[in-house]
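The values are calculated or read from the model by the stated rules, or taken from the named source; none is laboratory data. Keep in mind it's a predicted model, so treat the numbers as computed, not measured. FYI the Cβ positions are ideal-geometry reconstructions off the backbone, even for glycines, and counts take in every protein chain you see.
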Amino acid sequence: MSTAIFDYWNPNDKEHTIHAGDAWPNETRQNVQFYAFSEAFPGAEAVFDFWNSNDKEHTFHTGEAWPNEEKGHVQFYAFKEEKPGTKPVFDFWNPGDKEHTFHFGEPWPNEEKGSVQFYAYPDQLSWNATADCDKLPAGDRAKWLQENKALSAEAAQQQVMSEFSSAFGPGSGSSGAGTGTSVDGTFPHTLKLVKDGAGKSRLQISVTPKNPEEVSLIAVHYGINCHGEPMNFDIRHPVAGTTTYVHVTPDFGPVCEPGSKVVYWLAGVVKGLIQEMPQGACPNPDARLTWTAQ
């Protein structure tokens, strides 16, 4: 029910944007920053893109335009008030690049922290009919709303999720893959399936280094039901407030249904040097790791 919101970098305009889906012209997709809703959701407000003609940059917030801005389109829906499981998304200002960014946690290099703009989820939130909602299954509550409040199935599910959102977060079984498959080693990680904004099943790889203070980048290399590892991505920042680097297969990549075979290997920059998992995996195809999606 929630969808990944990425940050994107436009080297021509030297600005970051945040939104779901494919990159806009001249943009390169970076990392998942948080999860929000692609459609209207009970209690959530529309987050628009705005264009500032003076600073030549986009901003993303609820409500009306800030000074010198023109209001654009709805990009996603998030909460103005804190909800269980959500974290605050701040605006940040980089005076050197003259641009705003919007993310969890502390400032990126050369940024100044602003105000809370909205609240979003650090992990995917999705429907689970068996979730415990105050001692009743979510499916039973949704059924009652359909029968007694004349709500559609989708509206009933959204209502239940808005009232008991903490029951649909990570570890609740809501993602359709539980807590995923954990793998120990040089770079401990978890593989699981998540749903994107279109309801398609995607691979998520979450890497939590044992020595996070020494790690400056994590790279994932993988293939899904194919020969080789055509999907290669650098994750340059952990999820704000954590030491975990998260990658979700983007929209242009392959879906990953239960039963799919994933062949992969990882790398990281540790104290300025590249380390692999498994060791020697880059030049040796026989050293790759495998996972059957479930």
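Data overview
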{"item": "Checklist (1) assigned to a loop (DSSP other than H, G, I, E, B); (2) farther than 21 Å from His237 by Cα; (3) of a type in the set (Gly, Ala, Ser); (4) within 22 Å of the chain's Cα centre (by Cα) applied to Ala65, failing item", "result": "(4)"}
{"item": "Residues satisfying the stated conditions in the stretch 14-26, i.e. in contact (Cβ under 8 Å) with a residue 40 or more places away in the chain and either assigned to a strand (DSSP E or B) or surrounded by 15 or more Cβ atoms within 10 Å (Cβ to Cβ) (or both)", "result": "Glu15, His16, Thr17, Ile18, His19, Ala20, Gly21"}
{"item": "Qualifying residue in the stretch 95-102 (condition: within 28 Å of Leu191 (Cβ to Cβ), in the same structural domain as Pro11 (by TED's automatic domain parsing) and under 17 Å from the mean Cα position of the chain (by Cα))", "result": "no"}
{"item": "Test: residue in the stretch 138-150 that is at pLDDT below 95, within 17 Å of the chain's Cα centre (by Cα) and over 16 Å from Phe164 (Cβ atoms)", "result": "no"}
{"item": "Condition check for Ser53: modelled with pLDDT under 95, small (Gly, Ala, Ser) and over 16 Å from the mean Cα position of the chain (by Cα)", "result": "yes"}
{"item": "2 or more residues more than 15 Å from Gln204 (Cβ to Cβ): qualifying strands (runs of 3 or more DSSP E) within the stretch 241-294", "result": "261-270, 273-277, 289-292"}
{"item": "Filter result for the condition that a residue is hydroxyl-bearing (Ser, Thr, Tyr), more than 30 Å from Trp24 (Cα to Cα), without any contact (Cβ under 8 Å) to a residue 60 or more places away in the chain and not in a helix (DSSP H, G or I), over Ser216, Ser206, Ser182", "result": "Ser182"}
{"item": "Close pairs (8 angstrom Cβ cut-off, 6 or more residues apart or separate chains): assigned to a strand (DSSP E or B) in the stretch 96-108, hydrophobic (A, V, I, L, M, F, W, C) and surrounded by fewer than 19 Cβ atoms within 10 Å (Cβ to Cβ) anywhere", "result": "Glu99/Trp93; His100/Trp93; Thr101/Trp108; His103/Ala240"}
{"item": "Within the stretch 229-240, considering residues that are in a loop (DSSP other than H, G, I, E, B) and in contact (Cβ under 8 Å) with a residue 24 or more places away in the chain, the one farthest from the chain's Cα centre (by Cα)", "result": "Glu229"}
{"item": "Subset tally (residues that are free of Cβ contacts under 8 Å to residues at least 40 places away in the same chain and buried (at least 19 other Cβ atoms within 10 Å of the Cβ)) for the stretch 27-43", "result": "1"}
{"item": "Top-ranked residue of the stretch 212-271 - restricted to ones that are touching a strand residue (DSSP E or B) at 6+ places or on another chain (Cβ under 7 Å) and of a type in the set (Ser, Thr, Tyr), ranked as surrounded by the fewest Cβ atoms within 10 Å (Cβ to Cβ)", "result": "Ser216"}
{"item": "Ala129, sole failed condition from (1) assigned to a loop (DSSP other than H, G, I, E, B); (2) at pLDDT 85 or above", "result": "(2)"}
{"item": "Selected residue (criterion: surrounded by the most Cβ atoms within 10 Å (Cβ to Cβ)) from residues of the stretch 100-121 that are of a type in the set (D, E, K, R) and at pLDDT 95 or above", "result": "Glu111"}
